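Report on the following structure.
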Amino acid sequence: MAATFSSAIRAETEVDLSPEENRKRQTAFDAQLAAKKLSAAEYEKTQLAAKFRAWLATAPAAAPQGPWEALHVVSVESSAGTKFELQPDASILSGGTAPPQEVITIIAESFRPGTKALRIEALTHDSLPQRGPGRAGNGNFVLGDLQVRFAANNGSGGDDTLEAYPTKLTAARATHQQNTDSLSVAASIDSDPVSGWAVDAGGIGKDQAAVFDLESSAKFTGSARWTITMFMNHPNPQHTLGRFRLSVSDQAQPMPEVGSSGPDAKVLHALEVLRKSSDESSDDWKTGLAWFATSDAEMSSLRQAVRDLEKQGPGLQMAKVMVTSEGLPHMSHHADDRGFPHFYPETHLLNRGDVHQKLEVVSAGFLQVLAPAGVELSHWQVTPPEGWTRTSFRRANLANWMTDSKQGGGSLAARVMVNRLWQHHFGRGLVSTPNDFGVSGERPSHPELLDWLASDLIEHGWTLKRLHKQIMLSQTYMQSGAYDESRAVLDRENILFWRRTPQRLEAEAIRDSMLAVSGRLDLTQFGPGTLDQNMTRRSIYFFIKRSQLIPMMMLYDWPEHLVSIGQRPVTTIAPQALMFMNSPQGRDYATAFATRLPQDAPEQTVREAWRLAFGRTPSDAESAASVQFLQQQPDPDQAIVNLCQAILSMNEFVYLE
């Protein structure tokens, strides 16, 4: 059976626990986003086009070109699957988690003939570590190798038919380089694929640029298609570029400098064509209008509103929960980076239980003693949906077998479950060894009742809430706890349940009851736990750390959490009473409890205190004693607090009778 869980690991995932509310949030968000997109589209279609026509009619002739022409990026891909976002200034921003190594390939266009140099600008951004320009933890990168291919498009065919040729790079210069050896800009075009341009030692958090000279100028008459491949495979992980921009120059040996030369090459070409003839059905019109939109304040505002809303999201309320599953990112634990896997993909039969003596790989199976002869494992097998690969469905097969009361282990599972519930309510199960229903365990005290409860659980869909109610409405549960010596002679241990034995609450229930009565209990569900014993959420949200256990929980027999505990021990020791009397938490709960009580009349104070703590009214004797207690306190300001602390310390508060 252990093979069922071979690849199961602990993981965290987000679960929608409020689907109806989240559906409303999503619907409202979709409507709001659609309205903003519609406003932007209508403005672009009507007013923006008119503004662009007026600009073309009045715009001055093209300004003298600078030394650099920003390449028009057609596509950018990463060997590691990095997603890229093209920025308005023609730069490219890397997104997501930085991979250990990657190769980035950019296909781009230029229109300026006679290209003699290529420039790579490594630019900063607030999303990058130390503002970049690299993605390593210190903001650095290493451009290990750079390859350039060039294809001329002289109007003889489409881009897909262009044949690209390697272009050799002969010299390199940079605004800053980490050293003059293996991390210099010249190292990016040497024979070593690992060494390359880096910018630490004074260049982190600043825009940088590197210029590479072409061995021969790129000659063309129409446009040029460039394929630029940047290899970043340095042994130090994540040393890749975070934000960069590519441009070319027709000048010989231009100096490295940082700065955009305005619109990219394709935009400049489109504007030049549209100044002569503004054909609104042409691709040049689309290119020019898209560029003009980035400079129009109203259009930018409308688009920014869409981006802001998309970034804000619908505000779905998801709960992060810990699950045991397969194929999800594992949770970190103390064995990380120590050579131990989070799971072993195969389970072996071990000789004498020795992990170093593996005999054979075993497959998932079930206890044959609980299945009729001739029933195959395929009887409980679940076929995964078509295309499903994340989980093996072995645990689903086990669940089917465990709940099959006819041919699997369902009848035994039901008996074990109802016995645990009975033990929870009475302090002792119908089988007093809840972890052992085998030959070495105790025999049931009421076998017919155990079978009937198990059958009832199965027949009603394994619903535990219904079974809880059934037990608590029974005559056995509601009988008196009064002692009868004549019956005790026959059954000293109350094995036959002839009386209701007083039962103390568990440690968690005691603490949660104190918080509830004080009005401080935080009922927020799910989310991370804590080691802070002053936490006001339910005690189930305490972390378990062996070196930092919660003192109050330990006083009331908190169990060992690393082994299976069939039944908690119940001890009575002096520190338990001292906890109620002296602990800061106990006093804080009493103080908060006191604020919930009326302050004007002692009788009303006592009556409300009894109602909140015990769910009943005090007897005349209890009321008189409590009022006298309040009147005898030396400090009137603390009288009610002292009464509340005394009430929380009473046996009735921690025992079910």
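No lab work stands behind these numbers, since they all come straight from the coordinates. Values in this document were obtained by computation on a predicted structure and should not be read as measured data. Methodologically, a virtual Cβ is constructed for each residue, glycine included, from the backbone with ideal geometry; neighbour enumeration extends over all protein chains shown.
So, counting K/R as plus one and D/E as minus one, what does the shell of residues with Cβ under 12 Å around W422 add up to?
On the way: positive: R415, R420, R428; negative: none.
Counting the neighbours of W422, the net charge comes to +3.
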Among N534, G139, G353 the positive-end extreme of the charge dipole of the chain (Cβ point charges): N534
Fraction of antiparallel bridges per DSSP, the chain only, in percent to nearest 5: 95
Leading residue at positive end of dipole, the chain (Cβ point charges), from L377, M472, V416: M472
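Given axes a ≥ b ≥ c from the Cα gyration tensor, I'd like to know whether the range 410-490 is rounded (a/c under 1.5), prolate (a/b larger than b/c) or oblate.
Details: a/c = 2.41, a/b = 1.30, b/c = 1.85.
Oblate.
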Gained length - Q632 relative to L328, 0.36 nm times residue gap less alpha-carbon distance: 103.1 nm
At R0 = 60 Å, FRET efficiency that the Cβ-Cβ distance of T294 and D181 yields, to 0.05: 0.90
Helix-only [θ]222 nm of the chain, DSSP H runs n ≥ 4, -39500 (n - 2.57) each, per residue, nearest 500: -10000 deg cm²/dmol
Whole-Å semi-axes of the ellipsoid equivalent to the range 1-65 (Cα gyration tensor, √5λ, descending): 54, 23, 7
Extension gain from H424 to Q525, taking 0.36 nm per residue of separation minus the Cα-Cα distance: 34.1 nm
Nearest-ten-degree value, helix 636-648 long axis tilted from longest Cα axis of the chain: 80
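What translational diffusion coefficient, to the nearest whole µm²/s, does the chain have by Stokes-Einstein, given a Kirkwood radius computed over alpha-carbon pairs, a temperature of 25 °C and 0.890 mPa s viscosity?
74
How large is the Rg to Rh ratio of the range 76-149 when both quantities use alpha carbon positions and Rh follows Kirkwood?
Result for the range 76-149 is an Rg/Rh of 0.97.
Plugging the Kirkwood radius over Cα pairs into Stokes-Einstein for the range 503-657, at a temperature of 25 °C and a viscosity of 0.890 mPa s, what D comes out in µm²/s?
Working: Rh = 16.7 Å.
Taking Rh from Cα pairs, D becomes 147 µm²/s.
For the range 70-258, report the translational diffusion coefficient in µm²/s to the nearest whole number, using Stokes-Einstein at 4 °C, 1.567 mPa s, and a Kirkwood Rh over Cα pairs.
Values: Rh = 16.4 Å.
In µm²/s, the coefficient rounds to 79.
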Ranking of S94, S18, S623, S539 by count of other Cβ atoms within 10 Å, fewest first: S18, S623, S539, S94
Rounded tilt (10° steps) of 584-594 against the dominant C-alpha axis of the chain: 80
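Which values, in whole Å and largest first, are the semi-axes of the equivalent ellipsoid of the range 359-470 obtained as the square root of 5 times each eigenvalue of the Cα gyration tensor? Could the numbers behind the result be given before it?
Details: eigenvalues 180, 62, 34 Å².
Over the Cα atoms of the range 359-470, the ellipsoid semi-axes are 30, 18, 13 Å.
Give the order of L350, L450, L421 when sorted by the count of other beta carbons within 10 angstrom, beginning with the fewest. Working shown, then result.
Numbers: L350 14, L450 21, L421 17.
Listing L350, L450, L421 from fewest to most nearby Cβ atoms yields L350, L421, L450.
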Relative contact order (%) - criterion: Cα under 8 Å, at least six apart; region: the chain: 14
Point-to-point label distance, A601-R487, nm (Cα→Cβ direction, 7 Å offset): 4.1
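Using only the Cα atoms of the range 326-394, build the gyration tensor, take square roots of its eigenvalues as a ≥ b ≥ c, and label the shape rounded, prolate or oblate: rounded if a/c is under 1.5, else prolate if a/b is larger than b/c, else oblate. Write down the numbers at each step before the final one.
Numbers: a/c = 2.92, a/b = 1.27, b/c = 2.30.
Note, shape of the range 326-394 comes out oblate.
So for each of 593-604, 391-402 I average, over its residues, the number of other beta carbons within 10 Å; can you give me the resulting order with the highest mean first? Present the calculation step by step, with values, prior to reporting the outcome.
Values: 593-604: 14.7, 391-402: 18.0.
Peptide ranking by packing, descending: 391-402, 593-604.
In square nanometres, what is the average projected area of the Cα convex hull of the range 11-107? Walk me through the numbers on the way to the answer.
Values: hull surface 47.5 nm².
Taking a quarter of the hull surface, the average projection is 11.9 nm².
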Computed over the range 410-490: relative contact order in percent, which uses C-alpha pairs under 8 Å that are six or more apart: 27
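Over all directions, how big on average is the projection of the convex hull of the alpha-carbon atoms in the range 467-527, in square nanometres?
Values: hull surface 26.4 nm².
Result: a mean projected hull area of 6.6 nm².
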Charge dipole (debye, nearest 20) of the chain; +1 at Cβ of Lys and Arg, -1 at Cβ of Asp and Glu: 460
R546 paired with L562, simple spin-label distance in nm, labels 7 Å along Cα-to-beta-carbon: 0.2
Using distinct alpha-carbon pairs, which all enter the 1/r mean, Kirkwood radius of the range 197-277 in Å: 16.1
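When you count, for each residue, the other Cβ atoms within 10 Å and take the mean per peptide, how do 267-279, 119-131 rank with the highest first? Can you show the working numbers first?
Values: 267-279: 16.8, 119-131: 19.5.
The densest-packed peptide leads the list: 119-131, 267-279.
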Distance from the range 21-58 to the range 536-590 (C-alpha centre basis), Å: 59
Distance between the range 266-336 and the range 156-232 - C-alpha centres, whole angstrom: 28
Net charge dipole size for the range 503-657 [Lys, Arg +1 and Asp, Glu -1 on Cβ; Debye, nearest 20]: 480
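Given 0.36 nm per residue, what is the gain on full extension from S75 to K311 after removing their alpha carbon distance, in nm? Write out the running numbers ahead of the final one.
Working: separation 236, 0.36 × 236 = 84.96 nm, distance 2.42 nm.
Stretched fully, the S75-K311 segment lengthens by 82.5 nm.
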Rounded tilt (10° steps) of 19-43 against the dominant C-alpha axis of the chain: 20
Cα→Cβ-extended label distance, 7 Å offset, between E608 and Q407, nm: 6.4
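With a Förster radius of 41 Å, plug the Cβ-Cβ distance of N236 and A49 into 1/(1 + (r/R0)^6) and report the FRET value to the nearest 0.05. Mind dumping the intermediate values first?
Values: r = 50 Å, r/R0 = 1.23.
Given R0 = 41 Å and the Cβ-Cβ separation, E is 0.25.
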Order of V76, V431 under a 10 Å beta carbon neighbour criterion, fewest first: V76, V431
